[in-house]
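Before any comments, here is the structure.
The values are calculated or read from the model by the stated rules, or taken from the named source; none is laboratory data. This is a predicted model, so every value here is computed, not measured. Using ideal geometry, Cβ is built from the backbone for each residue, glycine included, and neighbour counts are taken over all protein chains shown. Quick note on the areas: whole protein, heavy atoms, side chains included, nothing else; ligands and nucleic acids left out. Shrake-Rupley method; radii C 1.70, N 1.55, O 1.52, S 1.80 Å.
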Amino acid sequence: MTPARLDTVATLRAAGCVYAEIEAQLLSDAFAGAELDAMVARRAAGIPLEQLLGWAEFCGLRILVAPGVFVPRRRTELLVREAAARRPRKVVDICCGSGAVGAALVHRLADLDLCSADIDPVAVLCARRNIEPLGGQVYEGDLYSALPQHLRGIVDVVVANAPYVPTDAIGSMPPEARDHEPLVALDGGADGLDVHRRIAVDAREWLSDGGSVLVETSVRQAERTAAIFADAGLDPTVIHSEDLDGTVVVGAFRSGAVLPTENTPT
């Protein structure tokens, strides 16, 4: 390792970068000279590495990212894995962010009809760069309201890496997230589950018979998310991966299912 590389590693390590050697290599591969020095300084100041590089590794792909866009996490690969296992033909990815989940599904599933949506215009622009070259469509809007009406009742899988961090917990997140990613992609309300409730309550209108909605959540919130799905008439299953440290709740829809009432146990 050259003296310059050693200096870069030392700077990143002093700034708290856990994988300083790897980050130094990636930055050195992408930049040189004064530009490299500037990028190392920005990384040491807390700018996410992926936003500096312009891409994030996800499911073996390079997903384009941009400043102000949520950076895909490795744990979200569980969401992709579980969605792909259902072999869907029509998928809707709401709260799509950079479009990472949809892009990964297109690469795993032949002839996939993908529709993605996000409320954040910056994320929509980024998602279009990742999704539209693959044949998918990206819309701007709030959850299902962004979707074309012809999709009602024919979607095989709805996937959502929706915000699920409780509002009071935002301040304890790593600075890379709380200071450089959009609040709308992080803040899930008082208990972190506000968006999950909205996804669940309208899912039946969009899913085909036998279709499923899959959302990422945390281990401690999973049972509450499952209960939300059950209350919306979906049959819930909680799936956890130790190797990815990821948790997904699946809600399966059957057209003959009866919505729970106050007197019906869920």
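Spherically averaged projected area of the convex hull of Cα atoms, the range 18-135: 7.8 nm².
Given R0 = 30 Å, the distance between the Cβ atoms of Glu132 and His240 translates into a calculated FRET efficiency of 0.35. Specify whether the C-alpha gyration tensor of the range 1-79 places it in the rounded, prolate or oblate class, a ≥ b ≥ c being the square roots of the eigenvalues: rounded for a/c under 1.5, otherwise prolate if a/b is larger than b/c and oblate if not. The shape class here is prolate. Based on protein heavy atoms only, the range 60-136 ends up with 41 Å² per residue of surface accessible to a 1.4 Å probe. In terms of the mean number of neighbouring beta-carbon atoms within 10 Å, the peptides 104-112, 143-151, 89-97 order highest first as 89-97, 104-112, 143-151. Around the amide H of Val159, modelled in the peptide plane, lie the amide H atoms of Val92, Asp93, Ile94, Leu214, all under 5 Å away and 5 or more residues distant in sequence or on another chain. Its Cα gyration tensor gives the chain an equivalent ellipsoid; the semi-axes, largest first and in whole Å, are 36, 20, 15. Taken about its Cα centre, the range 1-145 carries a charge dipole of roughly 440 debye when the Cβ of each Lys and Arg holds +1 and the Cβ of each Asp and Glu holds -1. Rolling a 1.4 angstrom probe over the protein heavy atoms with all chains in place gives the range 161-210 an accessible area of 45 Å² per residue.
Taking the Cβ-Cβ separation of Asp179 and Ala66 as r and a Förster radius of 22 Å, what is the calculated FRET efficiency to the nearest 0.05?
On the way: r = 16 Å, r/R0 = 0.72.
So the FRET efficiency works out to roughly 0.90.
Rounded to the nearest 5, the antiparallel percentage of DSSP beta bridges internal to the range 9-152 is 30%.
When the surface is traced with a 1.4 Å probe over the full set of protein chains, Asp7 keeps roughly 100 Å² accessible. Each Lys and Arg Cβ is given +1 and each Asp and Glu Cβ -1; about its Cα centre, the chain then shows a dipole of about 440 debye.
For Gly211, the residues 5 or more places off, or on other chains, whose built amide H falls under 5 Å of its own are Phe253. Split the accessible area of the chain by element, probe 1.4 Å, and carbon with sulfur accounts for 53%. You can think of it this way: the chain between Ser145 and Ala32 has 36.2 nm of extra reach, that is 0.36 nm per residue less the Cα-Cα gap. Note on the range 163-212: Kirkwood radius taken over Cα pairs, Stokes-Einstein applied at 37 °C and 0.692 mPa s, translational D equal to 271 µm² s⁻¹. Within the range 190-241, the trypsin sites (Lys or Arg not before Pro) that combine a DSSP coil assignment with at most 12 other C-beta atoms in a 10 angstrom radius are Arg220. Per-residue 3J(HN,Hα) values for the range 22-37, derived from phi via the Karplus relation 6.51 cos²θ - 1.76 cosθ + 1.60 with θ = phi - 60°, read 5, 5, 4, 5, 4, 5, 5, 5, 9, 9, 8, x, 5, 5, 4, 4 Hz in sequence order (x marks Gly and Pro). For the range 152-266, state what percent of all Cα-Cα pairs lands in each successive 10 Å bin, counting from 0 Å until the bin that includes the largest distance. Per 10 Å bin, starting at 0, the Cα pair percentages come out as 14, 42, 31, 11, 1. Find how much the distance from Asp209 to Ala15 grows on full extension, using 0.36 nm per residue of separation minus their present alpha carbon separation; answer in nm with one decimal. Stretched fully, the Asp209-Ala15 segment lengthens by 64.7 nm. Phi angles across the range 182-195 convert, under the Karplus curve 6.51 cos²θ - 1.76 cosθ + 1.60 with θ = phi - 60°, into 3J(HN,Hα) values of x, 4, 5, 8, 10, 7, x, x, 3, 10, x, 10, 4, 6 Hz, Gly and Pro given as x.
For the chain, the mean residue ellipticity at 222 nm estimated from helices alone is -10500 deg cm²/dmol, where every DSSP H run of n ≥ 4 contributes -39500 (n - 2.57) and the total is divided by all residues, rounded to the nearest 500.
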